[in-house]
1. Using each residue's phi in the range A:179-190, evaluate 6.51 cos²θ - 1.76 cosθ + 1.60 at θ = phi - 60° and report the 3J(HN,Hα) Karplus result to the nearest Hz, with x for Gly and Pro.
2. Taking the inverse of the average 1/r across all pairs of different Cα atoms in the range B:59-117, what Kirkwood radius in Å do you get?
3. So what does the Cα-only Debye profile of the range A:96-228 read at q = 0.20, 0.22 Å⁻¹, as log10 I(q)/I(0), no solvent term?
4. Treating only the Cβ of Lys, Arg, Asp and Glu as charged (+1, +1, -1, -1), what charge dipole size does the range A:20-123 show about its Cα centre? Round to the nearest 20 debye.
5. Give or take rounding to whole Å, what are the principal axis extents of the alpha carbon atoms in the protein assembly as shown, in descending order?
6. Counting each pair of different Cα atoms once, what's the Kirkwood radius of the range B:142-197 in Å, rounded to one decimal?
7. What relative contact order, as a whole-number percentage, does the range A:66-156 give when Cα pairs under 8 Å and 6 or more residues apart are counted?
8. Within 10 Å of each Cβ in B:101-110, how many Cβ atoms from other chains are there, averaged over the peptide?
2 protein chains.
Amino acid sequence: MKTVDRLIDNTLQTKNPSVIGLDPDMEKIPACYKACVNSGHPLKAAANVIVEFNCDLIDTIAALVPAVKPQMAFYEQYGSYGMAAFEKTAAYAKSKGLVVIEDAKRNDIGNTARAYADGHLGCVALPDGTYVPSLDADFLTVTPFLGSESLQPFIDACVRYDKGLFVLIRTSNESSGEIQNAVSEDGVTISHTLARYVAGKADTLVGVHGYSSIGAVVGATHPEEAGSLRSIMPKSYFLVPGYGAQGGGAKDILPCFNTDGLGAVVNSSRGILYTHMSDHERTKCSRQEYLSSVQEAVKRMQEEIYSALKEQYHDMVY
Amino acid sequence: MKTVDRLIDNTLQTKNPSVIGLDPDMEKIPACYKACVNSGHPLKAAANVIVEFNCDLIDTIAALVPAVKPQMAFYEQYGSYGMAAFEKTAAYAKSKGLVVIEDAKRNDIGNTARAYADGHLGCVALPDGTYVPSLDADFLTVTPFLGSESLQPFIDACVRYDKGLFVLIRTSNESSGEIQNAVSEDGVTISHTLARYVAGKADTLVGVHGYSSIGAVVGATHPEEAGSLRSIMPKSYFLVPGYGAQGGGAKDILPCFNTDGLGAVVNSSRGILYTHMSDHERTKCSRQEYLSSVQEAVKRMQEEIYSALKEQYHDMVY
């Protein structure tokens, strides 16, 4: 059993290859969560709101999705209090059986990269020479701008601690091609060079379902490229951003999957948390009203993706 | 006065364009710091060691260098306790007049990038609708893998809060060329495309000394490229890693400077903190012995760089 197997088992059980981004944007969280306990430090008050909001979301979606993807920016912006909110969120999600995909897009080299990898995925050194887990995410997103030697320490950590990675290869945003479509020394695009690298490393962490914990971020907004990246990295799991709010539809994400209906998880954050109710509605709704609408949005996304996969891939395994 | 002016004023005052990386690597911190207070949570014990170590370092070097560069990986690996150690370190460094260059290599898009930028450089939203500062670094390093739209929110934050950036353009590590030397749509390398972008944005934040707070990371290990990047970005400050431990010498960093002896700060982390005493010596030394050796190493680096600059640039302004 590898970490990717837990992601796949959860996907099979929920019949849902979509994950929900836990992006607690204070300006968009429903007002009913913000009348929270005053707790001394103002940043702690924000962190408390985030934890309450997230725990309610996790309770609402835990039986419906395989994983959550907390976006670290929305936590660490509140400093140490925000990091504590992340830790509580991740621990609560795990206690409910969810896989935690930490979207932090970290990158560095040498012992600095090792510090990130150990801190987010593994164990860290204590003053007395012992080692303990710290942030302990299941998967981490990493950025490859510093080249292959910046990825190796993260891959080493995945092997050592049985964790997973999603390496940014082709992102969903408009300006993504500026660097990702540049032509590398190999005469192919940066995305393809990175895909070959990831494919080479993926073999080291293949689980019982035949997929690897060394995965890739491939945006829903590039369906034409997703197919070729899929064929370069047949065993890597894809984390697919850009669905919904960023313009990708159910048809667009099909090339990210293999014909067994596995190989990818599609993320939605704003599309689930903030766009199914208007800004005005979120100032007035009750928690129950808000959470019901989240649950509906999650179910709708599952139906869209699941039925599109069923129609396309007749040898789907779920 | 812009943030970059404080960096320059400190450089003029100390006659030192070098900065010290505060990279508290638990396995390398002298043993005399690790016999610290036991404080309940094991990660908190690590955080306490980091704060004590850093405060001693800051006291030792505050009058000798213009700025410190804490590497976020070594803090956040200890989760919320580590972030608190970062906050205390940054606040203490500022209280001693040092500029804080936070090396966190962040990157994302849209409101996520804005959350990073606001959290690290500006103000964050509270539940009651007000805004307060959070991590409040002076400069932040950012990675450009997602393209120009991922840099704009950080530039916006610098304008809004009078802060600074160092955009990764040509890093010091061996595999840096894999992506940074790829050929972009413009027919030049990614590094040059990024340099043009940064140069275009630099004009918005030029201070009284004629330099911009929108800077670039250019490694000491690429002296041949540093000159051309310098001429593309005449107003941008360069943060120069790779000195010492990574192989760059005083001659190598000269092309990163303008002829006034300004335009760059050279970083050393391991070269100052961990390599002037052997691993064995660090298990036995007193704090005073360790700090004296740090002070010597800082002075030696200042002399190397300052005399190399003086020899090369006869119109140096300090």
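The values are calculated or read from the model by the stated rules, or taken from the named source; none is laboratory data. Everything quoted here is computed from the prediction, not taken from an experiment. Counting neighbours? That spans all protein chains shown, and the Cβs are built from the backbone with ideal geometry, glycine included. What goes into the accessible areas is simple: the full protein's heavy atoms, side chains included, and nothing from ligands, DNA or RNA. Shrake-Rupley method; radii C 1.70, N 1.55, O 1.52, S 1.80 Å.
1. 9, 5, 9, 5, 9, 7, 3, 6, x, 10, 5, 3
2. In the range B:59-117 this quantity evaluates to 12.6 Å.
3. The computed values of log10 I(q)/I(0) come out as -1.20, -1.38.
4. 100 debye
5. Result for the protein assembly as shown: principal-axis Cα extents of 73, 55, 49 Å.
6. About 12.1 Å, per the Kirkwood formula over Cα pairs.
7. 29 percent
8. The per-residue average across the peptide is 5.
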